[in-house]
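Below is one structure; the comments refer to it alone.
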């Protein structure tokens, strides 16, 4: 089975721009979660989608949004980028809800200049 | 307010010895705990988990211990190998305000020296 894939792997944007990251879960997995990883904060939960519905949301501003398509692929969007948004964005999929073992993709490294 | 805490940012051990990684949590609603391992430039990979109805779970060289009264869990790696060098994240799950999500600690970087 193919693992979780994320595109692009690396991205450089400037402040004020917006960005869209993509995640393809493991085949058959219906739950997709997004995390932000920074050196000082570890993995912070952004949101989870299950069957195209947002089930959970973390404590991030409204500039961070996402969606899930009928094939379970998910996109995450960040608008009006700030320097502090520079981070590794990880996507994880699981067969059921986010409380079960999750399988992570390699991440997208976003640098905001 | 950090609900899952890994107070040691780093740990260094000799090959063949035991590695003990610790994790504390504050939310008594957590009922499922997991450990993930992360190598540089890769996503975290699931290592081992434990339900709150157990106090120990073993998988090969990896054992997780749960002390509910102390709200503490630990991961033991015996014997430690250089390939175990990675960042280890503790995670917890359980009902929080009516929803469930996975909450991660900040990670502990383990270095196993040959």
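The values are calculated or read from the model by the stated rules, or taken from the named source; none is laboratory data. None of the values given here were measured: they were computed from a predicted structure. Note that we place each Cβ from the backbone using ideal geometry, even for glycine, and neighbour counts take in every protein chain shown.
The table below lists the values:
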item	result
Residue A:109 being within 11 Å of chain B (Cβ to nearest Cβ), more than 16 Å from residue B:93 (Cβ to Cβ), in contact with a strand residue (DSSP E or B) (Cβ under 8 Å, 6 or more places away or on another chain) and touching a residue at least 40 places away in the same chain (Cβ under 8 Å)	yes
Residue under evaluation residue B:59, criteria (1) more than 13 Å from the chain's Cα centre (by Cα); (2) surrounded by 14 or more Cβ atoms within 10 Å (Cβ to Cβ), criterion not met	(2)
All positions within region A:56-68 that are surrounded by 13 or more Cβ atoms within 10 Å (Cβ to Cβ) and either in contact (Cβ under 8 Å) with a residue 24 or more places away in the chain or more than 14 Å from every other protein chain (Cβ to nearest Cβ) (or both)	A:56, A:60, A:63, A:64, A:65, A:66, A:67, A:68
Per-region count, region A:90-106, residues surrounded by fewer than 22 Cβ atoms within 10 Å (Cβ to Cβ) and either within 11 Å of chain B (Cβ to nearest Cβ) or under 12 Å from the mean Cα position of the chain (by Cα) (or both)	6
Meets criteria (at pLDDT below 95 and assigned to a loop (DSSP other than H, G, I, E, B)) for residue A:48	no
Candidate set: region B:40-51, residues that are at the interface with another protein chain (Cβ under 10 Å from one of its Cβ atoms) and either touching a helix residue (DSSP H, G or I) at 6+ places or on another chain (Cβ under 9 Å) or under 18 Å from residue A:101 (Cα atoms) (or both); chosen: the one surrounded by the fewest Cβ atoms within 10 Å (Cβ to Cβ)	B:42
Check on residue A:35, closer than 18 Å to residue B:93 by Cβ, in a strand (DSSP E or B) and touching a strand residue (DSSP E or B) at 6+ places or on another chain (Cβ under 7 Å)	yes
Index of the failed condition, residue A:87 passing every other in (1) away from every other protein chain (no Cβ under 11 Å); (2) crowded, with 16+ Cβ neighbours inside 10 Å; (3) in contact (Cβ under 8 Å) with a residue 40 or more places away in the chain; (4) over 17 Å from residue A:8 (Cα atoms)	(4)
Of residues in region A:38-55 being within 14 Å of another protein chain (Cβ to nearest Cβ) and more than 20 Å from residue B:89 (Cβ to Cβ), the one surrounded by the most Cβ atoms within 10 Å (Cβ to Cβ)	A:49
Hits in region A:55-66 (condition: farther than 14 Å from residue A:35 by Cα and assigned to a strand (DSSP E or B))	A:55
Unique match (being exposed (fewer than 14 other Cβ atoms within 10 Å of the Cβ), away from chain B (no Cβ under 14 Å), in contact (Cβ under 8 Å) with a residue 12 or more places away in the chain and farther than 22 Å from residue B:102 by Cβ) among A:7, A:80	A:80
